[in-house]
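Here is the structure we will look at.
Read the figures in this text as sums done on the coordinates, not as results from a lab. This one's a predicted model, so the numbers in the text were calculated from it and none came from an experiment. As a convention, Cβ positions derive from the backbone with ideal geometry for all residues, glycine included, and neighbour counts pool all protein chains shown.
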Amino acid sequence: MVAEDRAKNGCRILRVHLLVDATHVESLQSVGDPCGETMSPEFRQAVEALHTKFEHLIAGAPYAQGTSLPKQGVYLFSENGAPFYVGRSNNIPQRRRQHTLRRAQMNQAALAMLIARDETKRAVDYRKGARGRLLADRVFVEVFEAAKERVRKMEFRAVAESDQTRQALLEIYCAITLKTPHNDFGTH
């Protein structure tokens, strides 16, 4: 059962009553700021650091051949100065190569794959043999190859983050904040 009360300052307090067993009811009162907006302290601490990392990512100079990239973290592809795609990796230099190699396969060059699907209006297909069907589609393959070339020309930035949870949160934070057109957090 959920009950909502009003505090003296007019903000709401949410009380949750959980039926633990047939005879015991446990009551939990949400905690948080004075107006009842709640967030666990651990989560609040994790998200408060995101904006600083975000600022480092967007303020950093684009990657240039011969410069070093962080090993782990979040990366950003931009096109003509506009944010395009955010990703995360435990091996950013390798992941960048996978996105940009001329011989990269569809499962490696994910951004080029997203662009090609968008341009050819091909829906995502998780059925067996889907990749083979795309490889047999001459038009799709041509668009995919052109998309890889397009990705190779994009600006690339990265920011270090070794913690997996903070990587995931930062990727989502950046994609939402930058409104990147090719980030999709759907599941399959």
Residue in the range 86-115 that is surrounded by the most Cβ atoms within 10 Å (Cβ to Cβ), counting only those that are polar (S, T, N, Q) and assigned to a loop (DSSP other than H, G, I, E, B)
Gln108
Residues Tyr85, Tyr126, Tyr75: which one is hydroxyl-bearing (Ser, Thr, Tyr) and out of contact with any helix residue (DSSP H, G or I) (no Cβ under 6 Å at 6 or more places or on another chain)?
Tyr126
Test for Ala168: is it in a helix (DSSP H, G or I), surrounded by fewer than 19 Cβ atoms within 10 Å (Cβ to Cβ), under 23 Å from the mean Cα position of the chain (by Cα) and touching a residue at least 24 places away in the same chain (Cβ under 8 Å)
yes
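Let's see how each residue does on (1) surrounded by fewer than 13 Cβ atoms within 10 Å (Cβ to Cβ); (2) without any contact (Cβ under 8 Å) to a residue 40 or more places away in the chain; (3) in a helix (DSSP H, G or I):
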| residue | (1), (2), (3) |
| --- | --- |
| Ala123 | yes, yes, no |
| Lys128 | yes, yes, no |
| Val139 | yes, yes, yes |
| Ala158 | no, no, no |
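For (1) touching an Asp or Glu at 6+ places or on another chain (Cβ under 6 Å); (2) among the charged types (D, E, K, R); (3) part of a strand (DSSP E or B); (4) more than 10 Å from Arg157 (Cβ to Cβ), each residue gets a yes or a no:
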position: Arg44; (1), (2), (3), (4): no, yes, no, yes
position: His56; (1), (2), (3), (4): no, no, no, no
position: Leu69; (1), (2), (3), (4): no, no, no, no
position: Tyr75; (1), (2), (3), (4): no, no, yes, no
position: Phe84; (1), (2), (3), (4): no, no, yes, yes
Find the residue count for the range 106-121, including only residues that are within 23 Å of the chain's Cα centre (by Cα) and without any contact (Cβ under 8 Å) to a residue 60 or more places away in the chain.
11
